[in-house]
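Since the structure comes first, as structure tokens, the remarks are kept for the end.
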Amino acid sequence: MIFSNLHRLGILGINNRVGRYILRHNKRKLYPYVDNKVLTSKLAEDWGIPTPENHLVIKNYGSLKYLDQKIAHLDSFVIKPAKGSQGNGIIVIKEVIRTEENGVTKILCRRSNDKLMKFEEVKHHISGILSGLYSLGGQSDEAIIQSRVEKHPIFNDYSYGGIPDIRVIVFMGYPVMSMVRLPTKSSDGRANLHQGAIGAGITLSTGLVNHAVIGKKLITHHPDTGNEIKNLVLPHWREVLDLAAKCYDMVGLGYLGADIVLTPDRGPVLLELNARPGLGIQIANLAGLVPRLELISANADAERDFKARVDFSMKHF
Amino acid sequence: MRTKIIIFTLCLLFIPLGILFYKVNYLNLSILPQKVDDFWHFHLTIRPRSKDTARFPLPRAYPGLRISDEKIVSDNSEIIIEHQSDSNLAKWTNLGEGRGGVFYSAKINIDPLVYKTFHKDYTQYYPRSFQKYLKVPELTAEELEAIESLEVAILEGDEDKTSAIRKIYYYVDEEIRRNFGVTKIHESLFTGNGSPLVKAKIFNIMARRQRVPARIVVGIRTPTPQEEASKSKIRFTYANEVYLNNKWIPVDTNRSYFGVRPDNFLVLHRNYDEVGKYLSKKNASYNIQIQRAKMNRFNKEVYRDEVNKSNSWLAKLSLYRLPLPLQQMFSTILLIPLGTLVLAVARNLIGIPTLGIFTPIILTLFFKETSFGFGLFFFSVIVGVGIVERYILDKFYLLAVPRLSIILTFVILFMIGYTLISGDGGFFSQRHLAFFPIVIVATNIERLSIMLAEEGFINTSKTLVGTIVIAILGYLLFSVPSLEVLMFTNPELLFTVIGLLILIGKYKGYRLSEFLRFRDLVRQKKNLEGGK
């Protein structure tokens with residue numbers, strides 16, 4: 001049987017993920033809390049979970065007219081579709097350049113990849129978001145103007161351009177697998193594995209990188225900075241896992257992907273949640289999810305609080 | 001829960017098959033309507049030479065012969081169709097001056113008749129109505145002498161009737177060569193040559209002298225393609241039938257058939273004794289034309305008749321009772337679930353990426369409505385044009401809905417342009433379903449260009465190729481004509497499709513694509529383990 005190796009390694013396939021984990025453990029009515037980032041951040045506020053600050057939520061085309069005034073106090077920001085997926089439609093503006101010409105303020109925006117965008121283009125992008133270009137299923141959407149999170153200095157040697165994020169798969173409240181996504185030049189500074197970012201698997205018990213891949217290929221060094229990735233030690237590791245485990249209590253989804261960024265000042269911050277986290281994390285860890293998920297299924301205890309659950313995960317994975 | 005699902009699925013899978021079994025075995029409906037492949041256009045023109053009453057044989061349906069679209073037209077005669085036991089005779093009285101002609105046309109369909117076993121026959125008594133088939137015509141002394149000496153030579157006198165008939169058949173078939181010039185019985189027996197009619201007469205007389213009911217059949221042989229090409233004139237031809245073991249067995253001593261009537265032989269009249277005189281050229285001139293009409297479709301009318309004759313409510317639920325335009329619509333629509341089956345296998349078992357979920361099926365329908373080559377060409381051009389347009393429109397900073405609508409309008413402009421330039425409206429005329437693909441193509445252009453921007457050329461191409469591959473697979477499936485008719489005839493099979501979809505939906509194993517996706521992982525893991 002051609003799949004015997006996959007079975008032996010306990011690789012989780014898409015059909016199995018959907019049929020046995022997502023459909024069984026994720027109640028449909030809870031999806032809006034993760035699919036809509038506006039709702040996620042409101043909920044997180046109630047639970048005391050740190051998230052990036054939302055400056056502005058644009059709900060209709062009319063509000064685009066005075067957008068320049070509304071963001072007048074911002075020097076950098078991120079534009080996100082509230083219902084986007086896989087990082088589609090996200091634009092990071094790291095610098096807003098305002099010039100006076102004959103009494104008219106001209107605004108140029110510098111993106112994280114150093115490309116310049118006219119303010120007109122920014123508005124066009126936002127109107128695309130509002131009409132549902134990037135949302136799941138194409139429904140009309142809202143656009144979030146969010147504060148740009150700073151990159152933690154630990155990543156300076158391990159990333160190119162944008163900000164790395166940490167993905168933790170949480171099953172029934174227990175962290176089961178984790179990786180950090182490190183932007184590269186070929187990923188255009190984005191932490192997106194499909195576009196060529198590095199996926200580095202992280203051992204839950206230690207917070208150390210176990211393997212790193214670009215696409216399907218194992219690598220040892222960052223292609224742009226040349227540093228050996230195994231030397232990366234994630235700070236605040238226990239807090240990262242605590243945060244991820246708490247997300248289960250917050251949204252109640254049994255099978256969950258938490259995307260977390262490390263900030264220099266606030267520590268781990270929840271970026272977004274995902275009800276259908278991808279399977280590439282197994283490649284980054286060179287390990288299958290199935291044995292871990294089954295261990296949790298067999299030992300899950302609803303009475304345990306997030307600290308006890310993280311203890312369990314750090315002990316076993 | 002698990003067992004419930006299994007039982008439910010099994011019910012879905014097998015109840016329709018049960019219904020099918022019931023329909024076929026208890027309601028005597030066919031699984032599929034009969035296939036109509038070849039039929040013949042049959043035209044007969046008769047011009048009687050006498051001014052009075054004339055008669056002429058016309059085809060009449062018998063088991064193996066189906067006749068439809070019969071038409072009889074005459075210039076100035078009154079025509080009566082006489083139904084006789086052996087055939088139909090058209091009788092007309094020439095009313096006016098001149099030679100009023102009669103034109104007969106029909107579609108005919110001939111199935112072969114084949115008997116395989118022939119038991120010994122010792123029948124002594126036949127019904128009174130058979131006397132006419134036993135009466136030996138009056139023979140001249142020469143004829144009688146020739147026949148009697150032949151009987152002495154080939155028959156032993158104590159065999160059963162079947163064996164005697166076989167011996168006569170072998171002699172007439174093999175020892176008398178076909179020769180249109182020899183028309184006298186004794187001459188034929190003496191020289192070993194004979195016209196088809198005289199051979200049939202000899203067989204007939206000899207059979208009757210053995211007290212076996214026999215008759216000469218008047219018929220027409222449908223032309224071979226070569227004969228059709230050379231436009232050779234079609235004449236009457238003659239064969240025999242003998243009554244053995246309560247069955248009329250066809251015999252043809254001119255083409256060497258015993259117990260077989262091939263599908264190129266059309267019986268016009270079963271008793272030459274009665275009709276022979278009308279066929280004489282002294283009485284009438286005739287002109288026969290038969291053209292082959294190749295067809296490859298199913299005879300829905302015949303099935304509809306079957307349905308209507310059946311008294312079961314189940315059969316009454318048939319789609320064949322709908323008006324024809326609705327029937328056509330449903331016969332296409334009923335294929336869509338089969339397409340989803342292909343799609344589900346391709347996506348969930350193989351893991352082929354597609355652009356949107358149902359795009360491949362819409363594309364398949366588009367292929368089916370136009371044609372495969374044209375559909376693919378049209379799709380590619382439209383997508384190409386659309387992407388260029390979107391690229392240009394990007395500069396205008398338009399809101400999404402108007403922009404999409406502009407692309408949609410461009411697609412329609414392109415269709416108009418194409419139709420006008422090529423002067424070939426065939427692809428779009430009366431194709432109501434062609435409307436769906438327009439919208440789908442337009443939305444796909446949008447999705448495709450976003451995908452191009454965000455996931456790059458390679459991923460987009462993979463998805464595009466996947467979409468087209470599934471559309472092609474669906475198209476191949478849709479092109480099986482019997483499948484379309486099977487679904488249309490037995491729409492309850494949709495439940496079987498649902499059952500299969502549940503099975504696919506419950507599949508939790510790996511997709512074929514995941515074998516590739518995780519292949520490197522497996523290999524690297526092995527390397528690492530091996531290195532330890």
Worksheet item: Inside region A:114-186, counting only strands (runs of 3 or more DSSP E) that do not spill past its ends, which hold 1 or more residues that are among the basic types (Lys, Arg) and more than 29 Å from A:GLY288 (Cβ to Cβ)?
Response: A:116-118
Item to complete: Could you please find all residues in region B:473-485 being in contact (Cβ under 8 Å) with a residue 60 or more places away in the chain and more than 15 Å from B:ARG347 (Cβ to Cβ)?
Response: B:TYR475, B:LEU477, B:PHE478, B:SER479, B:PRO481, B:SER482, B:LEU483, B:GLU484, B:VAL485
Discussion item. Just the residues that are more than 8 Å from chain B (Cβ to nearest Cβ) and either buried (at least 17 other Cβ atoms within 10 Å of the Cβ) or within 19 Å of A:VAL170 (Cβ to Cβ) (or both), please, taken from region A:7-28.
Written reply: A:GLY10, A:LEU12, A:ARG17, A:VAL18, A:TYR21, A:ILE22, A:LEU23, A:ARG24, A:HIS25, A:ASN26, A:LYS27, A:ARG28
Worksheet item: For region A:47-59, what are the residues that are out of contact with any Asp or Glu (no Cβ under 6 Å at 6 or more places or on another chain) and either within 14 Å of chain B (Cβ to nearest Cβ) or in contact (Cβ under 8 Å) with a residue 60 or more places away in the chain (or both)?
Response: A:TRP47, A:ILE49, A:PRO50, A:THR51, A:PRO52, A:GLU53, A:ASN54, A:HIS55, A:LEU56, A:ILE58
Worksheet item: Any chance region B:382-392 includes a residue that's farther than 25 Å from B:TYR22 by Cβ, part of a helix (DSSP H, G or I), modelled with pLDDT of 80 or more and not β-branched (Val, Ile, Thr)?
Response: yes
Worksheet item: Scanning for something within 14 Å of chain B (Cβ to nearest Cβ), surrounded by 19 or more Cβ atoms within 10 Å (Cβ to Cβ) and not polar (S, T, N, Q), does region A:60-80 turn up at least one residue?
Response: no
Response to the item:
Reported set for region B:152-182 where residues are crowded, with 17+ Cβ neighbours inside 10 Å and not charged (D, E, K, R) is B:LEU155, B:THR162, B:ALA164, B:ILE165, B:ILE168, B:TYR169, B:TYR171, B:VAL172, B:ILE176, B:VAL182
Discussion item. Can you go through A:LEU232, A:LEU279, A:LEU286, A:LEU256 and tell me which one is surrounded by fewer than 22 Cβ atoms within 10 Å (Cβ to Cβ), in contact with a strand residue (DSSP E or B) (Cβ under 8 Å, 6 or more places away or on another chain) and within 28 Å of B:ASP520 (Cβ to Cβ)?
Written reply: A:LEU286
Worksheet, complete the sentence: Of the residues in region A:87-116, those that are under 25 Å from the mean Cα position of the chain (by Cα), modelled with pLDDT of 80 or more, surrounded by 17 or more Cβ atoms within 10 Å (Cβ to Cβ) and away from chain B (no Cβ under 11 Å) come to A:ILE91, A:VAL92, A:ILE93, A:LYS94, A:VAL96, A:CYS109, A:ARG111
Worksheet item: When you go through (1) surrounded by fewer than 19 Cβ atoms within 10 Å (Cβ to Cβ); (2) more than 40 Å from the chain's Cα centre (by Cα); (3) at negative phi one by one for B:THR460, which number turns out not to apply?
Response: (1)
Response to the item:
Checked region B:344-361 for anything in contact with a Gly (Cβ under 7 Å, 6 or more places away or on another chain) and either part of a helix (DSSP H, G or I) or without any contact (Cβ under 8 Å) to a residue 12 or more places away in the chain (or both); matches are B:PRO360, B:ILE361
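Every residue in region B:310-320 that is at pLDDT below 75 and touching a helix residue (DSSP H, G or I) at 6+ places or on another chain (Cβ under 9 Å), please. Break it down into steps so the answer makes sense when it comes.
The initial filter retains those residues of region B:310-320 that are at pLDDT below 75, namely B:310-317.
Those that are at pLDDT below 75 and touching a helix residue (DSSP H, G or I) at 6+ places or on another chain (Cβ under 9 Å): B:SER310, B:SER312, B:LEU314, B:ALA315, B:LYS316.
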Worksheet item: Which of the residues spanning region B:268-294 are in a strand (DSSP E or B) and charged (D, E, K, R)?
Response: B:ARG292, B:LYS294
Discussion item. Among the numbered criteria (1) farther than 18 Å from B:PRO63 by Cα; (2) surrounded by fewer than 21 Cβ atoms within 10 Å (Cβ to Cβ), which one does B:TRP248 miss?
Written reply: (1)
Practice prompt. Check B:ARG215, B:ARG208 and return the single one that is basic (Lys, Arg) and either out of contact with any Phe, Trp or Tyr (no Cβ under 9 Å at 6 or more places or on another chain) or outside any helix (DSSP H, G or I) (or both).
Written response: B:ARG215
Fill in: Within region B:455-532, helices (runs of 4 or more DSSP H) holding 3 or more residues that are away from chain A (no Cβ under 14 Å) and at pLDDT below 90
B:481-489
Worksheet item: For region B:189-215, what are the residues that are touching a residue at least 60 places away in the same chain (Cβ under 8 Å) and within 33 Å of the chain's Cα centre (by Cα)?
Response: B:ARG215
Practice prompt. Could you tell me whether A:LYS315 is more than 14 Å from chain B (Cβ to nearest Cβ) and either buried (at least 19 other Cβ atoms within 10 Å of the Cβ) or under 21 Å from A:GLY48 (Cα atoms) (or both)?
Written response: no
Worksheet item: Which of the residues that make up region B:38-49 are at pLDDT 80 or above and closer than 15 Å to B:ASP263 by Cα?
Response: B:TRP40, B:HIS41, B:PHE42
Worksheet, complete the sentence: All conditions in (1) closer than 25 Å to B:SER280 by Cβ; (2) modelled with pLDDT of 80 or more; (3) surrounded by fewer than 20 Cβ atoms within 10 Å (Cβ to Cβ) are true of B:ASP52 except (2)
Discussion item. Restricting to region B:392-408, give me the number of residues that are of a type in the set (S, T, N, Q) and either in contact with a Phe, Trp or Tyr (Cβ under 6 Å, 6 or more places away or on another chain) or within 11 Å of another protein chain (Cβ to nearest Cβ) (or both).
Written reply: 0
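The values are calculated or read from the model by the stated rules, or taken from the named source; none is laboratory data. Owing to the predicted nature of the structure, the values given are computational and were not obtained by experimental measurement. Here the Cβ is made from the backbone with ideal geometry for all residues, glycine too, and neighbour counts use every protein chain on show.
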